[in-house]
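The values are calculated or read from the model by the stated rules, or taken from the named source; none is laboratory data. Quantities reported herein were computed from a predicted structural model and do not represent experimental measurements. Virtual Cβ from ideal backbone geometry, glycine too; neighbours counted across all protein chains shown.
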Amino acid sequence: MTQRYKRQIELAGFGIDAQSRLARASAMVVGVGAIGSVAAMRLAAAGVGRLVLVDHDQVELSNLHRQTYFTMDDLGVNKAKALARRIHDLNPSVKIDPYAVCADAALATELATDCDVIIDGVDDFAFKLQLGDIASAADVPYVFGGASGYLAVVSTVFPRQTPCLRCHFKREMPPPPHGVLGPLPGVTGSLQACEAIKVVTGVGRPLVKTLQLFNILSGTVECKPFSPWDECPRCNHDVVRGDNNLNQP
Ligand SMILES: [Zn+2]
């Protein structure tokens with residue numbers, strides 16, 4: 001393990017202890033297209049112990065301008081299974097459980113219960129909010145992410161401790177995306193992998209109570225803080241206690 005992760009273990013504040021915590025961690029990635037495939041691959045490369053990959057979609061030609069872990073040979077193949085093979089080629093020490101199914105709430109909650117973090121790789125915004133509810137039901141931290149146009153967006157939620165994404169968006173659903181710059185989802189997925197590593201190792205401070213927006217066109221990063229929303233249907237049922245201990249896994 002030491003040789004493969006040498007450049008990570010030698011990081012100030014990381015070391016063999018954080019690497020070992022990462023090796024014991026399980027991450028569930030729901031949707032392994034443009035964003036989720038990058039997050040999963042980055043976590044595997046960094047040394048996460050187990051990945052649960054959930055996606056019912058098949059690889060299509062129009063995916064390949066941004067979903068660069070898939071190849072022409074993968075066309076028509078389920079994404080979770082294709083990505084599992086690619087991850088095994090990169091790092092065979094990672095345990096991978098691919099699910100070629102649509103993640104309904106019951107299944108996703110069941111799969112999440114033995115995971116340490118959930119990563120959002122889905123396209124549909126309503127499903128993103130539902131995934132936050134699933135994370136809350138399973139009491140597992142959730143890393144939200146999106147890539148639309150020229151904008152990458154990331155945030156992390158600890159159920160019952162920090163406000164959820166409904167608290168930020170309230171009743172304003174973002175418009176459906178129309179196009180995305182090819183490399184942009186890779187930015188989102190990499191940032192999500194970093195958030196997940198922070199969550200499971202306790203290194204650093206996860207991006208809670210804040211929506212981070214990275215505008216590729218202007219090269220600017222904006223952090224929008226948000227608080228619990230009084231009318232939030234999720235947080236109204238939970239106790240939002242603050243985030244004083246969120247550097248602990
Ligand atoms: Zn909320």
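Remarks
- Residue within segment 18-37 that is more than 20 Å from the chain's Cα centre (by Cα), modelled with pLDDT of 95 or more, loosely packed, with under 14 Cβ neighbours inside 10 Å and not acidic (Asp, Glu) present: no
- Failed criterion for Ser190 (all others in (1) buried (at least 20 other Cβ atoms within 10 Å of the Cβ); (2) out of contact with any Gly (no Cβ under 6 Å at 6 or more places or on another chain) hold): (1)
- Among (1) modelled with pLDDT of 90 or more; (2) in a loop (DSSP other than H, G, I, E, B); (3) surrounded by fewer than 21 Cβ atoms within 10 Å (Cβ to Cβ) - the single one Pro177 does not satisfy: (1)
- Any hit, segment 224-234, residues being modelled with pLDDT of 90 or more, away from the ligand (no atom under 16 Å from the Cβ) and under 20 Å from Tyr150 (Cα atoms): no
- Selection count where residues are more than 12 Å from the ligand (Cβ to nearest atom), surrounded by fewer than 24 Cβ atoms within 10 Å (Cβ to Cβ) and not aromatic (Phe, Trp, Tyr), scope segment 147-170: 4
- Enumeration of residues in segment 55-76 that are in contact (Cβ under 8 Å) with a residue 24 or more places away in the chain and either in contact with a Phe, Trp or Tyr (Cβ under 8 Å, 6 or more places away or on another chain) or acidic (Asp, Glu) (or both): Asp55, Asp57, Asn63
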